[in-house]
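Trainee: Sharing a structure, written as structure tokens. Questions coming.
Taken together, the values in this text are just the output of simple stated rules run on the coordinates, not laboratory data. Keep in mind the model is a prediction, meaning the values are calculated, not measured. Here the Cβ is made from the backbone with ideal geometry for all residues, glycine too, and neighbour counts use every protein chain on show.
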Amino acid sequence: MSDPTIVGSIDIAELVFLAFVLFFIGLIFYLRREDRREGYPLEDESTGLVESPGGALSRAPTKTFILPHGRGTVTAPTGGRDSFDVAAVRSFAASGAPYIPTGNPLIDGLGPASWANRKDLPDLAADGRPRIVPLSLDAHIAIAARDPNPIGMSVIGADGKVAGTVSEVWIDRAEHVIRYLSVELGMGRTVLAPMAMALVRGRQGRIVIDALTADQFTGAPVPAAPDQITFYEEERIVAYFGGGYLYATPERQEPAL
């Protein structure tokens, strides 16, 4: 057999092992720096003081991402910090203490109703067309005959009352699924409700969305354009309905036991 040693007692297996260890250590450093592009340095919840950066793992180098469809570039980390007032007060002075809303938490961006300030531009499909649009604008997509058609069904809120009637569905051209239900509330107001939060009861001819009470549907944000929805508008709509699972009624904010 040939001698596997290279120099002294160092052989090929030992070199491969050392190379793997060095690679793994480098990988850990790389990943820890990359996952700190945004949100660092940390801020103390109680005092609001920002920790000093420092250290090899504190921050990743600046990187520029080219956005698709000619929408420019995004650089991260930005180096800035979000500054906005939360309409809430701490229940007690301690790190991690829950916040008590002082206004309408569904629109104030509190807790499960919070949102990200995404671009006020529509999501685009691979061909450059708006990805999420009303079904009536795309003749190539239709609701399967074996599935109940939500259009015309009544929408029931968490209080068991009728919030409105589905007048249209908004579909995802890329995924071929329904993303939003267009709910006509009456008095000329129509809002979009996330399909993921809807329970379709086809035999009963109704749809239950227990995220909100019937009256709270009127406060839901609506898209500015009648035929498309932007990233920012999606954030606001989903946050409003999602926040209802905690803030729709006072009972939902109390312990389950």
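Trainee: For the chain, just run the numbers: alpha carbon Rg, then divide by 2.2 N^0.38 Å, N being how many residues it has. Can you show the working numbers first?
Mentor: On the way: Rg = 25.7 Å, N = 257, 2.2 N^0.38 = 18.1 Å.
This ratio for the chain stands at 1.42.
Trainee: Further question: Stretched out fully, how many nm does the piece from Leu42 to Thr218 gain, at 0.36 nm a residue minus the Cα gap?
Mentor: 59.6 nm is the gain from fully extending Leu42 to Thr218.
Trainee: While we're looking at this one, here's another question. Could you tell me which residue out of Phe231, Pro221, Gly188 lies farthest along the dipole of segment 180-255 toward its positive end? Charges go on the beta carbon: Lys and Arg +1, Asp and Glu -1, centred on the Cα centre.
Mentor: Sorting the options by dipole projection puts first Gly188.
Trainee: Now for a different question. Hey, got the dipole for segment 109-223? About the Cα centre, +1 on K and R Cβ, -1 on D and E Cβ, debye to the nearest 20?
Mentor: Values: 12 positive and 12 negative charges, 27 e Å.
Value, rounded to 20: 120 debye.
Trainee: For segment 188-257 and segment 8-51, what is the separation of their Cα centres, given in Å?
Mentor: What the calculation gives is 42 Å, centre to centre.
Trainee: What number results when the radius of gyration of segment 147-188, computed over Cα atoms, is divided by 2.2 N^0.38 Å? Kindly include the intermediate steps, with their values, before the conclusion.
Mentor: Values: Rg = 11.6 Å, N = 42, 2.2 N^0.38 = 9.1 Å.
Its radius of gyration relative to the 2.2 N^0.38 Å reference: 1.28.
Trainee: Please give me the summed charge of the neighbours of Pro150: other residues whose Cβ is under 11 Å from its Cβ, Lys and Arg +1, Asp and Glu -1.
Mentor: Within the 11 Å Cβ shell, the charges total 0.
Trainee: Tell me what the chain gives for mean residue ellipticity at 222 nm when only DSSP H runs of n ≥ 4 count, each as -39,500 (n - 2.57), the sum divided by the residue total, rounded to 500 deg cm²/dmol.
Mentor: On the way: 3 runs with 44 residues, N = 257.
That comes out to -5500 deg cm²/dmol.
Trainee: Let me ask something additional. Residues with beta-carbon under 12 Å from that of His69, excluding His69: net charge, scoring Lys, Arg +1 and Asp, Glu -1?
Mentor: +2
Trainee: Helix 12-34 against the longest principal axis of the chain: what's the angle in degrees, Cα atoms only, rounded to the nearest 10?
Mentor: 40 degrees
Trainee: With +1 on each Lys and Arg Cβ and -1 on each Asp and Glu Cβ, how big is the dipole of the chain about its Cα centre, in debye rounded to the nearest 20?
Mentor: Here the chain has a charge dipole of around 480 debye.
Trainee: Follow-up. Below 8 Å, C-alpha to C-alpha, sequence gap of six or more: please give me the relative contact order for the chain in percent.
Mentor: Normalised by residue count, the contact order of the chain is 15 percent.
Trainee: Can you find, among Ile25, Pro105, Ala13, the residue sitting farthest towards the positive end of the charge dipole of the chain, where Lys and Arg contribute +1 and Asp and Glu -1 at Cβ?
Mentor: Pro105
Trainee: If a paramagnetic tag sat 7 Å from the Cα of Ala125 along the Cα-Cβ line, which residues of segment 166-193 would have the backbone N under 11 Å from that point?
Mentor: Only 171-177 pass the distance filter.
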